[in-house]
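Single-structure report; data block below.
The values are calculated or read from the model by the stated rules, or taken from the named source; none is laboratory data. Just so it is clear, the structure is predicted and the values come from calculations on it, not from any experiment. Neighbour counts run over all protein chains shown; Cβ positions are idealised from the backbone, glycine included. Ligands, DNA and RNA are excluded from the accessible area calculation, which covers all protein heavy atoms including side chains. Shrake-Rupley method; radii C 1.70, N 1.55, O 1.52, S 1.80 Å.
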Amino acid sequence: MPEAIPGTCEPHTVVLICGARPNFVKIAALHRALSARPGRCRPLIVHTGQHYSPELSDVFFRELEIPPPDLHLNVGSGSHGEQTARALTGIEACLMHYRPDLMVCVGDVNSTLAAALAAAKCRIPSAHVEAGLRSGDRAMPEEINRIVADHLCDWLYTTTDEANDNLRREGIDPARIVFAGNVMIDTLYRHLPRVDREAVLRRLRLAAGSFVLLTMHRPANVDDPDSARRLIETIRRVAQHHHVVFPMHPRTRARLSDMLQSDSWTQGGGGRGVTVCEPLGYHDFVALQQCAFAVLTDSGGIQEETTALGVPCLTLRPNTERYATVSMGTNALVGLDPERVMTTLETLPAFADRNGAIFPRLPFWDGHAAERIAEHICTRVLGTDDARDTRAHAEYVPRQMVGAH
Ligand code: UD1
């Protein structure tokens, strides 16, 4: 395998690991910021292949101008164990070959967990971007992935004060925590001027403010039959009052296909009912978020994007790891309770009244988080011996040695 891996082992090589749709939005900003420092570091992209469909992967590389991956591991779908194990094996071989100066993983998907574990075992310095988020719900696979990644990685780049507090509460050395901001919002701000709202609305025959945008893919919502039935009931209730636009994730389509036979689910255009479509590309989806009366979702990243855009978000979960979005007043946790969803929707101000409202930004959600991370990586993580901050490793190495005796 190592012979097949392109690229060479140069000093200050930074390997960025990505695997699933939300990862691509984050590494777009990080790759750009690291590439802007060519004499100081050389970023390589490794795609695990956790997401492989054109609409979940290729479209993001194209629209976000991410260069093709330097290495593709083709891990594909499977159980959590199978998928994580294939990613772990591939990332381990890749790290042993490149021997990078730093491995960076992002978010909370299975590829993130595999990357953190591989780097720790290979003794490669590592960083986790979007560290410290906690829902407190260990039934969520992402919660397990986050906890393990945070406890294994040397450097933890966080998005909010709550995340800093969570890490400190878990006993993590504050010297490893760097409050940098939100790289997903960097990508959002960079791409907003390229979003053609009118074109998307025309294509889907929608009017701004006339529809509710829905996404749903969490196993707890779509894999469990009771939750799936409540979800369908919720959508039917909402569709009596608002047109619902539902770009459907493949997991959701596979689980709900039997329940989606009614005509009302496929009708497009104006009026009430539900438009089901394939997952959308980044620009189209941002356009729909901006133009929606409200967004209903169980995604994590969409709670953040709606907060940055000032669009009301109803999160169809009992908890969130992104509590700052609730504190900001743009996000409400409504679970899968049709009554609660309807009451919340009814109390939202009319779209026209709130359009253009200014929403205060969360600290460091300013479009420059990746630059802060890249600067920290170049000066404190990879920098010259004088500037390099070895505290994370000073702590890490003795721990390994204690275990070895
Ligand atoms: C994964 C992440 C989740 C993230 C989501 C974004 C984990 C544990 N979950 O969930 O945190 O919010 O990505 O979408 O890592 N499939 C395709 N094409 C693909 C990929 C998957 O059709 O490109 C289908 C397969 O049938 C697969 C299913 O979707 O079994 C689920 O994919 P998987 O990567 O296991 O998890 P997601 O639900 O996408």
So, in nm, how far is label ARG237 from label ILE144 when the simple model puts each one 7 Å beyond its Cα toward the Cβ? 3.2
Normalised contact order of the chain, rounded percent, pairs of Cα under 8 Å and 6 or more residues apart: 16
Estimated dipole of the chain in Debye, rounded to 20 [Cβ of Lys and Arg +1, of Asp and Glu -1, Cα centre]: 280
Cα-based Debye curve of region 198-354 sampled at q = 0.12, 0.19 Å⁻¹ gives log₁₀ I(q)/I(0) of -0.45, -1.26
Nothing charged except the Cβ atoms of Lys and Arg (+1) and of Asp and Glu (-1): what's the magnitude of the dipole of region 198-354 about its Cα centre? Round to the nearest 20 debye. 220
Once the Cβ-Cβ distance between ARG123 and ARG203 is put in as r, and R0 is 51 Å, what FRET efficiency do you end up with, to the nearest 0.05? 0.50
In Å, the C-alpha Rg and Dmax of region 45-103 are 12.3, 32
Simple SL model, points at 7 angstrom along Cα→Cβ for ARG388 and GLU375; separation in nm is 2.2
Among GLY39, VAL106, PRO247, the residue whose Cα sits farthest towards the positive end of the charge dipole of the chain, when +1 is placed on the Cβ of each Lys and Arg and -1 on the Cβ of each Asp and Glu, is PRO247
Give the accessible area for SER210 in Å² (nearest 10); use a 1.4 Å probe, count only protein heavy atoms, and leave out ligands, DNA and RNA. 50
Relative contact order (percent) for region 198-354, with alpha-carbon contacts under 8 angstrom and 6 or more residues of separation? 25
Once label points are set 7 Å from the Cα along Cα→Cβ at both ALA220 and HIS80, what is their separation, rounded to one decimal in nm? 1.2
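Roughly what % of Cα-Cα distances in the chain sit above 40 Å, to the whole percent?
Above the 40 Å cut-off, the chain has 16 percent of its Cα pairs.
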Starting with the highest mean, order 228-237, 177-186 by the number of other Cβ atoms within 10 Å, averaged over the residues of each peptide. 177-186, 228-237
